[in-house]
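Enquirer: One structure follows; several queries about it will come next.
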Protein chains: 2
Amino acid sequence: MFAGTQVSLYPMTDGFVDVIMSSLDALDPWRDRLRIETDDISTLIVGPPEVLFPALRDLYAKAASTGQHVVLRATLSRGCPGEPDDPICQTAALANPKEPLDQRQQQALAAIAETADKGQIADAQFSLYVMGAGDHMAEIMGCIDFLKQSGTFDRSKNFCTRLTGDAGPVFATLQQAFCQFGPPAGHVTIDLTVSANSPSKR
Amino acid sequence: MFAGTQVSLYPMTDGFVDVIMSSLDALDPWRDRLRIETDDISTLIVGPPEVLFPALRDLYAKAASTGQHVVLRATLSRGCPGEPDDPICQTAALANPKEPLDQRQQQALAAIAETADKGQIADAQFSLYVMGAGDHMAEIMGCIDFLKQSGTFDRSKNFCTRLTGDAGPVFATLQQAFCQFGPPAGHVTIDLTVSANSPSKR
């Protein structure tokens, strides 16, 4: 299995380079379980979902704590048929496909309930894509049903779903959406936007 | 059919609101063929692909012309089973699924050859997702083969493909990738990032 993300931070300030560089420190506790490469558009982070999502959460929370309007954008993927297996991605976090949807939903809700707050608000918007064989819309509808019970659900929009709340439960909700829906051997992706300190909300 | 995008501009400057507001003027020539709604995270633009992509191109080029480091991010979708048909999205731009891949590739290349330059460089990165029945990887591999001949191909990365060049042919390449691959009745999405004036490139 291969899993990871292409992630970018967009601080809407003249001091954007400083915000980005200082936020990257938040990845330090996770670095030994990830592979990280940066170019001028995004940073590739390869690793298992149970490390990826907390790492993204901490990166976001550090950037948000500057008080600047900053957006984290990430393209997340697991099981892309075009990517090679990678030992660093080995994970036990993906759901058993033989389990019915409602059991997976309950496990996802239990995981969120155990998640601590980070002290930063996260306004998130994301799309979950499930590729390949099988009934991808049943998995997506099952995921949306879970999201509505998650405590972080804000509203459905065209093409995506909005979540809002503390960064802890919001990123935990995203992790559960990524891991519990769609087959473990399948290709699942998330197109994610998380916004902090937007002046449009003030 | 329902098609459209959730799009955001991220200008990395204290004057981000001014850059966004002045760039929106670039949508004016297209507005009568689109439906546009904005919230604090993104702007929804609903319409057919042959209007959507030129509109995004003009929005990007206007923002890039400020000289600021600015990123356009868009989630594009056509044929999502969860969205209602909308007359404003009616289009003849989608490929005939009975046509073999190589003919669709040739049509895509011809369309790019006819595209005028915009005078702004676009460094783009995108993922194309084809959902539902059928051999989605064959369509994606056929698309990648086209991209390599497009004249805008930069390189493959994990989870995505980079394009670079003038905004005219770059957005034309994206439009062709969206329209010529995957069935017309299928659900096709693009996760798109386009970066202007990055200091990492200077």
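The values are calculated or read from the model by the stated rules, or taken from the named source; none is laboratory data. Since the model is a prediction, treat every value here as computed from it, not as a measurement. FYI the Cβ positions are ideal-geometry reconstructions off the backbone, even for glycines, and counts take in every protein chain you see. Surface areas here come from the heavy atoms of the whole protein model, side chains and all, with no ligands, DNA or RNA. Shrake-Rupley method; radii C 1.70, N 1.55, O 1.52, S 1.80 Å.
Enquirer: In the set B:14, B:39, which member is within 11 Å of chain A (Cβ to nearest Cβ), charged (D, E, K, R) and open to solvent by 50 Å² or more (accessible area, probe 1.4 Å)?
Expert: Numbers: B:39 fails: open to solvent by 50 Å² or more (accessible area, probe 1.4 Å).
Going through B:14, B:39 in turn, the sole match is B:14.
Enquirer: Another question, if that's okay. Quickly run through the stretch A:27-61 and pick out the residues that are outside any loop (DSSP other than H, G, I, E, B) and over 16 Å from the mean Cα position of the chain (by Cα). Before the answer, list the steps.
Expert: If we filter the stretch A:27-61 for residues that are outside any loop (DSSP other than H, G, I, E, B), which is where we start, we get A:27-33, A:35-38, A:43-46, A:49-61.
Correct list: A:28, A:29, A:31, A:32, A:33, A:35, A:36, A:37, A:38.
Enquirer: Same structure again: Please pick out the residue among A:83, A:114, A:99, A:139 that is farther than 30 Å from residue B:164 by Cβ, within 14 Å of chain B (Cβ to nearest Cβ) and out of contact with any Leu (no Cβ under 7 Å at 6 or more places or on another chain). Let's see the steps before the verdict.
Expert: On the way: A:83 fails: farther than 30 Å from residue B:164 by Cβ; A:114 fails: within 14 Å of chain B (Cβ to nearest Cβ); A:99 fails: within 14 Å of chain B (Cβ to nearest Cβ).
None of the other options fit; the residue is A:139.
Enquirer: To continue, here is another question. Keeping to the stretch A:16-56, report how many residues are closer than 21 Å to residue A:173 by Cβ and aromatic (Phe, Trp, Tyr).
Expert: 2
Enquirer: So, one more: Residues of the stretch B:159-202 being over 19 Å from residue B:4 (Cβ atoms), open to solvent by 40 Å² or more (accessible area, probe 1.4 Å) and not in a strand (DSSP E or B), which ones? It would help to see each step written out before you state the result.
Expert: First pass over the stretch B:159-202, keeping only residues over 19 Å from residue B:4 (Cβ atoms): B:159-170, B:173, B:195-202.
Then drop every residue that is not open to solvent by 40 Å² or more (accessible area, probe 1.4 Å), which leaves B:164, B:197, B:199-202.
If the condition is that a residue be over 19 Å from residue B:4 (Cβ atoms), open to solvent by 40 Å² or more (accessible area, probe 1.4 Å) and not in a strand (DSSP E or B), then B:197, B:199, B:200, B:201, B:202 are the ones that fit.
Enquirer: What pairs can you find where one residue is in the stretch A:38-63 and at pLDDT below 95, the other is of a type in the set (Val, Ile, Thr), and their Cβ atoms are less than 9 Å apart, with a gap of 6+ or different chains?
Expert: none
Enquirer: Return the residues of the stretch A:1-21 that are assigned to a loop (DSSP other than H, G, I, E, B) and within 15 Å of residue A:194 (Cα to Cα); say none if nothing qualifies. It would help to see each step written out before you state the result.
Expert: The initial filter retains those residues of the stretch A:1-21 that are assigned to a loop (DSSP other than H, G, I, E, B), namely A:1-2, A:12-15.
Correct list: A:12 only.
Enquirer: Among the residues of the stretch A:90-110, are any in a strand (DSSP E or B) and either at positive phi or more than 14 Å from the chain's Cα centre (by Cα) (or both)?
Expert: First, the residues of the stretch A:90-110 that are in a strand (DSSP E or B): none.
No.
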